Amino acid sequence: DVAARLAGAMSPVGAEQAPLPSQHSAAHGRWHMLAIYVCLGLVNQALWLSFAPAPAATARRFDVQLEFVAVMTNSCNLFYLPGSLLGMRLLRRCGLRRMMFVACWLQLAGCLFRCVADALIRPISAQLAFGLLFVGQGITSLASPLIMNTPAVFADGWFTKGERENAVAAGTLGPIFGQGLGSAIAGFVVTGPYAEGTGQLLAGQALVSCGVAAWVFCSFREPPLPVAQHSGQSSLLADGLKLLRRPHFILL
C-alpha cells in the first residue's frame with residue numbers, strides 16, 4: 001500500500017516533466033525549419049538573377065539579341081501567375097512539405113537544363129542552347145511563387161502568435177537577400193565580352209541547389225498544425241493582406 005501511494009504521489013511529477021524534452025525539441029525544430037525555408041528562398045532568387053549583371057555579354061555568348069536576354073531575366077515575373085496557381089493547388093492537396101519538395105525538384109530540373117544548355121548544346125548551336133537555357137530559367141521561375149507566397153502559411157503552422165511576425169519577416173527577407181547575393185556573385189564570376197565564367201556559375205548554382213534540396217528532403221517536416229486547416233481560409237489574396245498588416249513588411 002505504501003509503495004502504491006508513493007508511486008501515485010510521484011506520477012503527476014513525472015507527467016509534468018515528461019513533455020519538457022518534447023517542448024525543447026519542438027522549439028529547436030521550428031527554428032531549423034525556418035533556416036531551411038529561408039535558405040530555399042535565398043537560393044531560388046539567386047538563380048533568377050544569374051544573367052542580369054552582364055546581359056550584353058550573355059547575348060553575344062549565345063548569339064541572340066539583347067531583348068531576348070532581358071525577357072529571360074524577367075522570366076520570374078512571367079511565370080509568377082502560373083506558379084502561384086500551381087502553389088495554391090499543391091498546398092491544398094498535398095500540404096506545405098510536399099510543396100517544398102516540388103519547389104526543390106523544379107529548381108534542380110531548371111539548373112540541369114541550364115548546365116546542359118551551356119556546357120553541351122552551346123558548342124553545337126548557340127541559339128538552340130539559349131532556347132534550352134530559357135526553358136531551364138522558366139522551370140526554375142515556377143518554383144519561386146511556391147516559396148515566396150507562403151511565409152504567412154509557414155509561420156502560422158510552425159510558430160506561436162508572438163513569434164509569427166519575426167518568422168514572416170525572415171521568410172520574406174530571405175528571397176530579397178538572395179536577389180542581391182545572386183546578382184553580386186554573378187557579377188563577380190561572369191566577366192569578359194562573351195560572359196566567360198557562365199559555365200562555372202551555372203555548375204556552382206546546380207551544386208548549391210542540390211545541397212539545399214537534400215537538406216529539404218531529409219529534414220523539412222509538415223508543420224504541427226496541418227496546413228490543410230489554413231488552406232481553406234488562406235489564399236494568395238489572404239496571405240497578401242496578412243503581409244500588408246505586418247510592420248516588418250511595410251518597412252521593407
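Do we have any residue at all in the range 35-50 that's at pLDDT 80 or above and part of a loop (DSSP other than H, G, I, E, B)? Within the range 35-50, one or more residues are at pLDDT 80 or above and part of a loop (DSSP other than H, G, I, E, B).
Just to be sure before I move on: is L96 among the aliphatic types (A, V, I, L, M) and in contact (Cβ under 8 Å) with a residue 24 or more places away in the chain in the structure I sent? Yes: the conditions hold for L96.
Filter the range 59-77 for residues that are out of contact with any Ser or Thr (no Cβ under 7 Å at 6 or more places or on another chain) and in a helix (DSSP H, G or I) and give the result. Before you say what the answer is, go through the steps one by one.
If we filter the range 59-77 for residues that are out of contact with any Ser or Thr (no Cβ under 7 Å at 6 or more places or on another chain), which is where we start, we get 59-60, 62-68, 70-74, 77.
Of everything in the range 59-77, those that are out of contact with any Ser or Thr (no Cβ under 7 Å at 6 or more places or on another chain) and in a helix (DSSP H, G or I) turn out to be A59, R60, L66, E67, F68, A70, V71, M72, T73, N77.
Annotation: of all residues in the range 147-172 being charged (D, E, K, R) and over 13 Å from P223 (Cα atoms), the one that is surrounded by the fewest Cβ atoms within 10 Å (Cβ to Cβ) is K161. Taking the range 94-136 as the range and being closer than 17 Å to Q200 by Cα and under 19 Å from the mean Cα position of the chain (by Cα) as the test, the residues that pass are L108, G110, C111, L112, F113, R114, G136.
Within the range 173-196, the set of residues being crowded, with 17+ Cβ neighbours inside 10 Å and closer than 19 Å to Q137 by Cα comprises P175, G178, Q179, G182, S183, I185, A186, V189, V190, A195.
Annotation: S125 fulfils all but one of (1) buried (at least 18 other Cβ atoms within 10 Å of the Cβ); (2) hydroxyl-bearing (S, T, Y); (3) over 13 Å from A195 (Cβ atoms); the unmet one is (1). Can A213 be described as open to solvent by less than 40 Å² (accessible area, probe 1.4 Å), in a helix (DSSP H, G or I), modelled with pLDDT of 90 or more and over 17 Å from V69 (Cα atoms)? The answer is yes for A213.
Within the range 74-93, restricting attention to residues that are open to solvent by 20 Å² or more (accessible area, probe 1.4 Å) and over 16 Å from the mean Cα position of the chain (by Cα), which residue is farthest from L146 (Cα to Cα)? Applying the filter and picking the extreme gives N74.
The values are calculated or read from the model by the stated rules, or taken from the named source; none is laboratory data. Keep in mind it's a predicted model, so treat the numbers as computed, not measured. So basically every Cβ, Gly included, is an ideal-geometry build from the backbone, and we count neighbours across all protein chains shown. Keep in mind that these areas ignore ligands, DNA and RNA; they rest on the heavy atoms of the full protein, side chains included. Shrake-Rupley method; radii C 1.70, N 1.55, O 1.52, S 1.80 Å.
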